[in-house]
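The values are calculated or read from the model by the stated rules, or taken from the named source; none is laboratory data. For clarity, every value in this text was computed on a predicted model and none was experimentally measured. All Cβ positions, glycine included, derive from the backbone under ideal geometry; neighbour counts span all protein chains shown. Just the protein is used for accessible areas: all its heavy atoms, side chains included, with ligands, DNA and RNA removed. Shrake-Rupley method; radii C 1.70, N 1.55, O 1.52, S 1.80 Å.
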Amino acid sequence: MSMNVVVLSLFVSSLLLSVVTASDDGLVRIGLKKKKFDPNNRLASRLESEDRQALIASMQEKYGLHNNLGDHEDTDIVALKNYMDAQYYGEIGVGTPPQKFTVIFDTGSSNLWVPSSKCYFSVACYFHSKYKASESKTYKKNGKPASIQYGTGAISGFFSYDNVQVGNLVVEDQEFIETTKEPGLTFLAAKFDGILGLGFKEISVGKAVPVWYNMLKQGLIKEPVFSFWLNRNVGEEVGGEIVFGGVDPDHYKGKHTYVPVTQKGYWQFDMGDVLIGDKPTGMFLPMPRFCAGGCAAIADSGTSLLAGPTTVVTMINHAIGATGVVSQECKAVVQQYGQTIIDLLLAETQPQKICSQIGLCTFDGAHGVSMGIESVVEEGNGKSSGVQFNAMCPACEMAVVWMQNQLKQNQTQDVILNYVNQLCDRMPSPMGESAVECGSLSSMPTVSFTIGDKVFDLSPEEYILKVGEGPQAQCISGFTALDVPPPRGPLWILGDVFMGRYHTVFDFGKERVGFAEAA
């Protein structure tokens, strides 16, 4: 699930009003307007740091550390509201007559949930619209309990059935979650009421049939395709559009590059190398934290930033001058073992064996494994005991990748050791993002992603989030570190930072994802 969408969400705009208009092409467009946010808002500044801290934990919950899997006339368009390039949401109706809710249209989850009128003890529910079953003629009782885990806690409630209006479509008897518990300040400050998941049924909690599946089953749209256009211009009123049943040619240039979905659940596909400037990051080492032969990637409209393996994100943040938290483990590895690692690389030792040879990892025949990672369950009481995770192993493996990258560029050993020490300083904060100087955007490199047979560039203006105006403005790196373990990881999450530059087509019928330059 995607509660990381709330990261950085307390800065710039708020919902003003929504207008439904019918255009000449027979499509219904739900227009959304916005107004500037007051940067002096005390509640926003007080909640800001807590929202930032939720980012990594939330994405870890979503992507495999505590994944909660559940046992024209032909198109429909929902306009999206752009909230500081951090939240995109639109309006739906639940019930008859429809009760209005703003929801995140999230390709990284598969359930629909909205707050319930039976939510009595969570403060967040008092600041958002609540669904009242008693006021709907089409409500049907279900009652099965539901819980979805996030990094900041679990929302919980129960399933119900009712009609759901999306644009000019009405999906009948849709199973959804009425939430009765929404803990933490994250939901309190969120600009949306709920989430409408557009992922595959394989990750639907409670095995509820997703809204998208019912749209197709009920014949509401003919083409099994939906597409996203996210307007990254904060100054414009329209935040973007999601088109159900096809694509709008006005929203992209050229042709889409399509790649097949490799694992249904999330919209997951294979990705090639990441380039900083025009130089590859060399992340194809056969180690658990790197991409042997390529990385998996996920197109996720519910994630604000762009997340990837710490090794590569650290290299990117170093290249753009972003400052994060100093990692003592990283510096200790460089100081004690840096020269040895270089010597082993020059002796053409297999990179994946180096960290085990110097005693920081255990080699399992394919790659290094952190020593002391096993945990023993004591008989009788179910308690777990064992050694704490050894951070020196991943730090060593990152150092090997960085040094090998520099050796390929024929750098001297002193330069290499100095460079890796700098990377240690640039390692992202484990509980937040990295900041850059707003005045240095012009000197920052392009960062590119290889997808299919095409390289997709992101300019500094596209991967840096600017918060505020004038001398008080802050600039935040759009790259954040997330290490998803095998077999699901390592992977990249291409969130709104990427989807804002590239119009994205989710082709359900052909099980593929397509990207083209947004217009």
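Before moving on, here are some points about what is shown:
- Condition met for residue 209 (at pLDDT 90 or above, more than 30 Å from residue 443 (Cβ to Cβ) and aliphatic (A, V, I, L, M)): yes
- Residue in segment 144-167 that is of a type in the set (Asp, Glu), at pLDDT 95 or above and open to solvent by 10 Å² or more (accessible area, probe 1.4 Å) present: no
- The residue pairs whose first member lies in segment 242-267 and is in the same structural domain as residue 500 (by the TED database), whose second member is in a helix (DSSP H, G or I), and whose beta carbons are closer than 6 Å, counting only pairs six or more residues apart or on different chains, are 264/202; 265/202; 265/203.
- Each residue in segment 189-212 was checked for being part of a helix (DSSP H, G or I) and open to solvent by 40 Å² or more (accessible area, probe 1.4 Å), and 3 pass.
- Qualifying residue in segment 216-228 (condition: touching a Lys or Arg at 6+ places or on another chain (Cβ under 9 Å) and under 18 Å from residue 496 (Cα atoms)): no
- In this structure, residue 313 qualifies as in contact with a strand residue (DSSP E or B) (Cβ under 9 Å, 6 or more places away or on another chain) and modelled with pLDDT of 85 or more.
- Test: residue in segment 172-183 that is surrounded by fewer than 20 Cβ atoms within 10 Å (Cβ to Cβ), among the β-branched types (Val, Ile, Thr), assigned to a strand (DSSP E or B) and in contact with a strand residue (DSSP E or B) (Cβ under 8 Å, 6 or more places away or on another chain): no
- Selection from segment 71-104 of residues that are modelled with pLDDT under 85, closer than 24 Å to residue 147 by Cα and not in a strand (DSSP E or B): 71
- Residues being buried (at least 17 other Cβ atoms within 10 Å of the Cβ) and either outside any helix (DSSP H, G or I) or touching a helix residue (DSSP H, G or I) at 6+ places or on another chain (Cβ under 8 Å) (or both) - total across segment 130-141: 5
- Residue that is modelled with the lowest pLDDT, among those in segment 316-333 that are crowded, with 24+ Cβ neighbours inside 10 Å and over 29 Å from residue 229 (Cα atoms): 330
- Taking every residue in segment 213-227 that is open to solvent by less than 50 Å² (accessible area, probe 1.4 Å) and pairing it with any residue that is among the hydroxyl-bearing types (Ser, Thr, Tyr) and part of a loop (DSSP other than H, G, I, E, B), at least 6 positions away or on another chain, the pairs with Cβ-Cβ distances below 7 Å are 221/75.
- Taking (1) closer than 24 Å to residue 303 by Cβ; (2) surrounded by fewer than 22 Cβ atoms within 10 Å (Cβ to Cβ) in turn, residue 108 satisfies each apart from (2).
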